[in-house]
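Colleague: Below: one structure in structure tokens.
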Amino acid sequence: MTETEYSEQFKNDDVPKENKEKGLDDKYKDIDVDEIILTKKVGTDYSYKHKVVWKNVIGFFILYSLCIRGAFLALMGEIRLVTIVWTFFIGYITGIGITVGSHRLFAHRTFKATTFLKVILIILQTAAGQNGIYIWCRDHRLHHRYSDTDGDPHNSKRGYFFCHVGWLMHRKHPYVLKLGKRIDMSDLESDWMVMFQHKYYYVLYTIFAVVIPVFVPWYYWGESFKNSLLFCYFFRYITQLNVTWLVNSAAHLYGTRPYDKNMQPVDTWLVSVLTFGEGWHNYHHTFPWDYKAAELSDHINHSAILIEFFQRIGLAYDLKSASPDMVRRRIQKSGDGTHYDLGNEESKKAVSAIGPLHPLNPTYNVTYEPPNVLIKGEGLPLYHENDVMNANVVKRNAAKA
Ligand SMILES: [Zn+2]
Ligand SMILES: [Zn+2]
């Protein structure tokens, strides 16, 4: 995005309508946004209080109540086994829509997919109900670019509750709004399928996330409509959201940092089990462009195995991955000593004594300092600059500057 385009967009989009009407936007005109963003180190301002959005709090209260009601019915044996199996099946395939689709394909471009695979992943991603790909990826790219600072929509520095679900019940931090507009989304904007989903999201959401999952048990094996709705929609939706949110919360707080101890995200096997391999989060933030989102694809990483399978049957190609040598150098340079192969006994022992959750974990209390660099103004890269493997990405970003 060029300088003028950006200023125009900021002027048009960032000022609330009522401010425009009252002429209050004049005061924004003189602010050099780049100056603010370029020179200010983005960290966490603990004196800033996020405003609670009560509408969302009430919404979540209702959703959680219905989810608990669905779980209760299942525990009381009122929901047929086949409906429970169906619900977990839907939970599984839509989870793949998030991990393989939203995350590894669209947000990070870790591999390329044929049109057929893209269509399947977009449908599954829609059925998961976690916002369309465009919004999901913008938030996620922002999260990677400004991890654990006020520029991160779910800043883990604000505590477990905030980064798990609290962020969705609070007004966004001004940095999230401002910096979010600078994220490079050009690749998704030029993808008609992603933009089609963006445009018709609510219609598609109703069909794929609500109607089909609820209709099938009711129509095909006579589950009551109420049970089907409570279990296949509310229970599944809220449970799945919580599992996904663990990647933002637990995987930023409780675990080890074998690849880079200077960043907040951690590796945690438990989250990996629940999210098909998204819990190797210290690795993922170190090499976000790696399709495995972990060093190994054969260690609690079902999503990576699936991508490899898609490659074998010709649906996925150009898989990007960090070479073993690159990973080794990074571990030796910045790891916390807990790496399974290259770590040291002392650090590993401290972790294995009780498990990765315990406070004796040598890296548990490491505090994250945002990098002391100027944030460049050329739109934000999809990848961490240091680790870019694809020269075209460097060139593309340089051309924009
Ligand atoms: Zn993260
Ligand atoms: Zn990511």
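The values are calculated or read from the model by the stated rules, or taken from the named source; none is laboratory data. Computed from a predicted structure; not experimentally measured. Counting neighbours? That spans all protein chains shown, and the Cβs are built from the backbone with ideal geometry, glycine included. Calculation scope for accessible area: heavy atoms of the full protein, side chains included, ligands and nucleic acids excluded. Shrake-Rupley method; radii C 1.70, N 1.55, O 1.52, S 1.80 Å.
Colleague: Answer yes or no as to whether Arg69 is in contact (Cβ under 8 Å) with a residue 40 or more places away in the chain, open to solvent by 40 Å² or more (accessible area, probe 1.4 Å) and assigned by TED's automatic domain parsing to the domain that holds Val214.
Modeller: Criteria met by Arg69.
Colleague: Let me ask something additional. Would you confirm whether any residue within segment 148-167 is touching a Phe, Trp or Tyr at 6+ places or on another chain (Cβ under 8 Å), more than 16 Å from ligand 1 (Cβ to nearest atom) and farther than 20 Å from Ala250 by Cβ?
Modeller: No, every residue in segment 148-167 fails to be touching a Phe, Trp or Tyr at 6+ places or on another chain (Cβ under 8 Å), more than 16 Å from ligand 1 (Cβ to nearest atom) and farther than 20 Å from Ala250 by Cβ.
Colleague: Any chance you could count how many residues in segment 260-286 are more than 13 Å from ligand 1 (Cβ to nearest atom), assigned to a loop (DSSP other than H, G, I, E, B) and not polar (S, T, N, Q)? It would help to see each step written out before you state the result.
Modeller: So the first thing to find is which residues in segment 260-286 are more than 13 Å from ligand 1 (Cβ to nearest atom), and the list is 261-262, 269-270, 272-274, 276-277.
So of that shortlist, the ones also assigned to a loop (DSSP other than H, G, I, E, B) come out as 261-262, 276-277.
Then keep just the ones that are not polar (S, T, N, Q); that gives 261, 276-277.
Qualifying residue count, segment 260-286: 3.
Colleague: How many residues, within segment 287-305, are among the aromatic types (Phe, Trp, Tyr), open to solvent by less than 10 Å² (accessible area, probe 1.4 Å) and away from ligand 1 (no atom under 16 Å from the Cβ)? Full working, then the answer.
Modeller: Kept after step one, since they are among the aromatic types (Phe, Trp, Tyr), are these residues of segment 287-305: 287, 289, 291.
Filter again for open to solvent by less than 10 Å² (accessible area, probe 1.4 Å), leaving 287, 289.
Next, from what is left, pick out any that are away from ligand 1 (no atom under 16 Å from the Cβ): none.
Of the residues in segment 287-305, 0 are among the aromatic types (Phe, Trp, Tyr), open to solvent by less than 10 Å² (accessible area, probe 1.4 Å) and away from ligand 1 (no atom under 16 Å from the Cβ).
Colleague: Just give me the residues in segment 243-254 being within 12 Å of ligand 1 (Cβ to nearest atom) and in a loop (DSSP other than H, G, I, E, B), in sequence order. Reasoning before the result, please.
Modeller: Initially, segment 243-254 is screened for residues within 12 Å of ligand 1 (Cβ to nearest atom), giving 244-253.
Passing the criteria: only Ser249.
Colleague: Within segment 99-109, identify whether any single residue is more than 15 Å from ligand 2 (Cβ to nearest atom) and open to solvent by 30 Å² or more (accessible area, probe 1.4 Å), and answer yes or no.
Modeller: Kept after step one, since they are more than 15 Å from ligand 2 (Cβ to nearest atom), are these residues of segment 99-109: none.
Within segment 99-109 (the criterion being more than 15 Å from ligand 2 (Cβ to nearest atom) and open to solvent by 30 Å² or more (accessible area, probe 1.4 Å)), the answer is no, since none of the residues qualifies.
Colleague: For the structure I just gave you, tell me whether Val194 is more than 18 Å from Ile90 (Cα to Cα) and either out of contact with any Ser or Thr (no Cβ under 6 Å at 6 or more places or on another chain) or open to solvent by less than 50 Å² (accessible area, probe 1.4 Å) (or both).
Modeller: Yes; evaluated as a whole, the condition is true for this residue.
Colleague: List the helices (runs of 4 or more DSSP H) that sit entirely inside segment 125-181 and contain at least 2 residues that are modelled with pLDDT of 90 or more.
Modeller: Hits in segment 125-181: 133-145, 160-164.
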